[in-house]
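Asker: One structure coming up, written as structure tokens, with questions to follow.
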Amino acid sequence: MSSDFATRAKELREQVNFHLYRYHVLGSPVITDGEFDKLFFELKALEAEHPELITPDSPTQRTGSDLSEDFAKVKHPAPILSLANAFSEEDLKTWEERNLKLLPAGTQLGFTLEPKLDGLTIVITYENGYLVQAATRGNGELGDDVTANVRTIKNVPLKIPVDPNGPKAPERLVVRGEVMFLKKDFVALNKKQAEAELPLYVNARNTASGTLKQKDSRITASRPLVAYLYAVVAASGIKWDTQWDILNNLRDLGFSTAPHAEYYPTLSDIIQQLPTWESRRRTLDFEIDGVVLKINDVKIQAELGYSGKDPRGAIAYKFPAEEMTTKLLGVTANVGRTGRLTPTAQLEAVFIGGVTVTSASLHNYDQIAKLDIRLGDTVIVKRSGEVIPYVIGPVIGARDGSETPILPPTNCPSCNTPVIQPEGFVDTICPNLDCPERIFRSIEFFVSRGAMDIESMGPQTVKILIDNKLIQDEADIFTLKPESFEGLEGFAEKKIDNLMKSIEAAKTRPLAQLVGSLGIDGVGGVVAGLLAEKFGSLDAILNASVESIDDIEGIGPILAEGIAAWFADERHRKLLDKLRAAGINPKNEAKVAAGDGLTGSSFVLTGTLPTLSREQAEELIESHGGKISGSVSKKTSYVLMGDTPGSKADKARTLGVPIISEADLMAMITSGGTK
Ligand code: IVH
């Protein structure tokens, strides 16, 4: 049995050493940090259980180093240590139990719970309030002097207290924290790279590290790093008794401290908080890879001392890995409602953060080329929370030469039309407006929750309706009648009933919701709301000039042009005509309340209208300020006439009352005036 452990330990030592070499020497890792951690911690755990297996060359016997020859060295006033890791509630309980055994009976432990910031450690020294030195962790004893670079980080105070009325600065204060990019800043940095046609950065932490270690601090200054502080390494002239005190005092002096840190009196309080942190992770402005638990009482921390190189008084609880490597087996192109072809990666199954992933997004073909992702590559896949997993990039070091480039398809996979890539755009597009996949995706989007929200009309129903030629566009949905479904398999009375009810309910959706459902590129809920507010009706938007759209704050010139072009398109105009004819013509209430087109007019209806039922027509007229009357008199403003009219039409002619059609009525409503 023990020889099994010895074999496994040897295997792990070899693997970990190999990956350390790939990472630090060759600069081309072949596994993710998460995968590396797994191997490393398995070895560490095995060695903790069987100390006789520890060999002098075991990678656990050295702490990593990020020292570089380009910088002067700084000796840290105390070792800059790392943390032990926990991966489960059980691990945390074991950690607490072990500590309690080392402490006097009856000791009560309180804890701080802080985010485990996914950046790189920085150690900053202040003397008499002035920043005098900043260093990387280095090998834990010596670090690289990066003072000039750290001075460029905007939220690192050059002098404390930042507020002249704040607490007095200690004579000497050496603080420890983490330097990193906010998520939005990293995205913006990559956007700039893309605009300059430079390669994209793959990993925020490595990029932060590279930025901090620039020889020219002007480069560091040009990239918006941030620093959050969470510990005191050494100090004179202060007495801060608890970690909670430390965080508060650091904040009072003007440092940014780890956001959302909290104090909890027991471990079970902390355990209760873990799910909150796992879901909060996605909403934070910065990357975290877990949380850190620290025993609050600084004296108890000191009493507990160290286990190997890790302090016993704190532990990192790591979230399940979100990034893993796997093989890219194939790429398929999906056609979206705007014709955009989105490449999807087919992957060798891989377990990420508790879920088996077999496909992932590849964004667009331009990105594939920029990142040089090839078929057969080992790729890094990220999955965070509910978000669709995506391919971060290839592991170049894992190539064996058999990988092949991925090219965008030359023809649409759905309708075989040759694809186009408009000048200056990253996307490959199927330009065919009749492409069946585009039509399906548009309608699927139109009915979806968040769009027109036609409950009980899921993608499958949409597909069946299209296949059976019951609908060809969005407007056709509103002309469906219970009889339309006759003979269709799977459409029982109840289902039809539900469908009709939800279609009916969708007829009264507000203007912004309708505009946002049309699938206009770049027009989501917010922009749709702006358009509805400014123009008040479909017709007004339809006739709006590019300039008047561009005038709206929040809509830029390119989007304005796109919107105007969409509404100018003959096909879209026809669609809107059909929608209006089906009674879908919402107005922005605020805009239409006064002086609406039909206010003061009275209507008499006769005959069968082409699309509206009598009830719909009456409702439409009334909702636009008009009145309905049962008989024609001199006072009647209009007679609305359909097929096979009755005597009312004759009377109108006799009295000289104008006779109008359904289309005329629509025109009156949308133009906001009389015919
Ligand atoms: S405390 C002895 N607190 O995580 C004090 N570390 O895996 C040890 N880290 O090397 C550090 N956020 O670079 C601490 N709120 C936090 C942290 C944190 C991120 C990093 C730190 C450390 C690594 C350990």
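Asker: When segment 172-208 is examined, which residues are found to be within 20 Å of Gly143 (Cβ to Cβ), of a type outside the set (D, E, K, R) and modelled with pLDDT under 90?
Answerer: Of everything in segment 172-208, those that are within 20 Å of Gly143 (Cβ to Cβ), of a type outside the set (D, E, K, R) and modelled with pLDDT under 90 turn out to be Asn206, Thr207.
Asker: Then there's this: Restricting attention to segment 453-465, and to residues there that are in a loop (DSSP other than H, G, I, E, B) and within 26 Å of the chain's Cα centre (by Cα), which single residue is nearest to Ile503 (Cα to Cα)?
Answerer: The qualifying residue nearest to Ile503 (Cα to Cα) is Ile454.
Asker: Checking Leu470 against (1) free of Cβ contacts under 8 Å to residues at least 24 places away in the same chain; (2) assigned to a helix (DSSP H, G or I): exactly one of these is not met. Which one?
Answerer: (2)
Asker: Further question on the same structure: Can you confirm whether Gln513 is assigned to a helix (DSSP H, G or I) and either of a type outside the set (Val, Ile, Thr) or surrounded by fewer than 16 Cβ atoms within 10 Å (Cβ to Cβ) (or both)?
Answerer: Yes.
Asker: Mind checking whether some residue in segment 400-417 is within 30 Å of Gln193 (Cβ to Cβ) and within 20 Å of the chain's Cα centre (by Cα)?
Answerer: There is no residue in segment 400-417 that is within 30 Å of Gln193 (Cβ to Cβ) and within 20 Å of the chain's Cα centre (by Cα).
Asker: Within the group Thr342, Thr338, which residue is modelled with pLDDT under 95, more than 19 Å from Ala84 (Cα to Cα), out of contact with any Ser or Thr (no Cβ under 8 Å at 6 or more places or on another chain) and away from the ligand (no atom under 15 Å from the Cβ)?
Answerer: Residue meeting the stated conditions: Thr338.
Matching residues to (1) modelled with pLDDT of 95 or more; (2) under 22 Å from Ile477 (Cβ atoms); (3) part of a strand (DSSP E or B); (4) among the basic types (Lys, Arg):
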residue	(1), (2), (3), (4)
Pro408	no, no, no, no
Asp434	no, yes, no, no
Phe440	yes, yes, no, no
Ala451	no, yes, no, no
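Asker: Which residues, counting only those in segment 133-182, are assigned to a strand (DSSP E or B) and among the aliphatic types (A, V, I, L, M)?
Answerer: Matches in segment 133-182: Ala134, Ala135, Leu142, Leu173, Val174, Val175, Val179, Met180.
Asker: Which one is farthest from the chain's Cα centre (by Cα) among residues in segment 20-53 that are buried (at least 18 other Cβ atoms within 10 Å of the Cβ) and free of Cβ contacts under 8 Å to residues at least 24 places away in the same chain?
Answerer: Selected residue: Lys44.
Asker: Now for a separate question. Looking at the structure I just gave you, is Val292 touching a Pro at 6+ places or on another chain (Cβ under 9 Å), modelled with pLDDT of 90 or more, buried (at least 19 other Cβ atoms within 10 Å of the Cβ) and among the aliphatic types (A, V, I, L, M)?
Answerer: Taking the combined requirement at face value, the residue satisfies it.
Asker: Name the single residue that is farthest from Ser88 (Cα to Cα) among those in segment 296-323 being within 12 Å of the ligand (Cβ to nearest atom) and among the charged types (D, E, K, R).
Answerer: By that ranking, first place goes to Lys309.
Asker: Looking at segment 652-674, I want the residues that are under 12 Å from Asn585 (Cβ atoms) and surrounded by 20 or more Cβ atoms within 10 Å (Cβ to Cβ) and have a partner that is at pLDDT below 80 and among the basic types (Lys, Arg) with Cβ atoms under 9 Å, at least 6 apart or on another chain. Which pairs are those?
Answerer: From residues that are under 12 Å from Asn585 (Cβ atoms) and surrounded by 20 or more Cβ atoms within 10 Å (Cβ to Cβ), the pairs are Leu665/Lys675; Met668/Lys675.
Asker: Could I ask something else about it? Tell me yes or no: at least one residue of segment 51-63 is within 16 Å of the ligand (Cβ to nearest atom), in contact with a strand residue (DSSP E or B) (Cβ under 7 Å, 6 or more places away or on another chain) and β-branched (Val, Ile, Thr).
Answerer: No, there is no match, as no residue in segment 51-63 is within 16 Å of the ligand (Cβ to nearest atom), in contact with a strand residue (DSSP E or B) (Cβ under 7 Å, 6 or more places away or on another chain) and β-branched (Val, Ile, Thr).
Asker: A follow-up question, please. Under the condition of being within 15 Å of the ligand (Cβ to nearest atom) and either within 18 Å of Leu120 (Cα to Cα) or not in a strand (DSSP E or B) (or both), which residue from segment 259-273 is farthest from the chain's Cα centre (by Cα)?
Answerer: Among residues in segment 259-273 that are within 15 Å of the ligand (Cβ to nearest atom) and either within 18 Å of Leu120 (Cα to Cα) or not in a strand (DSSP E or B) (or both), the one farthest from the chain's Cα centre (by Cα) is Ile270.
Asker: Let me ask you something else. Restricting attention to segment 333-378, which residues are assigned to a strand (DSSP E or B), under 23 Å from the mean Cα position of the chain (by Cα) and not hydrophobic (A, V, I, L, M, F, W, C)?
Answerer: Selection gives Asn334, Arg340, Thr342, Pro343, Thr344, Gln346, Thr356, Thr358, Ser359, Ser361.
Asker: Could you run through segment 198-234 and say how many residues are surrounded by fewer than 19 Cβ atoms within 10 Å (Cβ to Cβ) and in contact with a Leu (Cβ under 6 Å, 6 or more places away or on another chain)?
Answerer: 1
Asker: Residues of segment 207-244 being out of contact with any Ser or Thr (no Cβ under 8 Å at 6 or more places or on another chain), of a type in the set (A, V, I, L, M) and either part of a helix (DSSP H, G or I) or more than 16 Å from the ligand (Cβ to nearest atom) (or both), which ones?
Answerer: Those that are out of contact with any Ser or Thr (no Cβ under 8 Å at 6 or more places or on another chain), of a type in the set (A, V, I, L, M) and either part of a helix (DSSP H, G or I) or more than 16 Å from the ligand (Cβ to nearest atom) (or both): Ala208, Ile238.
Asker: Only one of Leu293, Leu284, Leu247 is within 15 Å of the ligand (Cβ to nearest atom), within 26 Å of the chain's Cα centre (by Cα) and on the phi < 0 side of the Ramachandran plot. Can you tell me which?
Answerer: Leu284
The values are calculated or read from the model by the stated rules, or taken from the named source; none is laboratory data. Worth saying up front: this structure is predicted, and the values here are computed from it rather than measured. Note: ideal-geometry Cβ built from the backbone for every residue, glycine included; neighbour counts use all protein chains shown.
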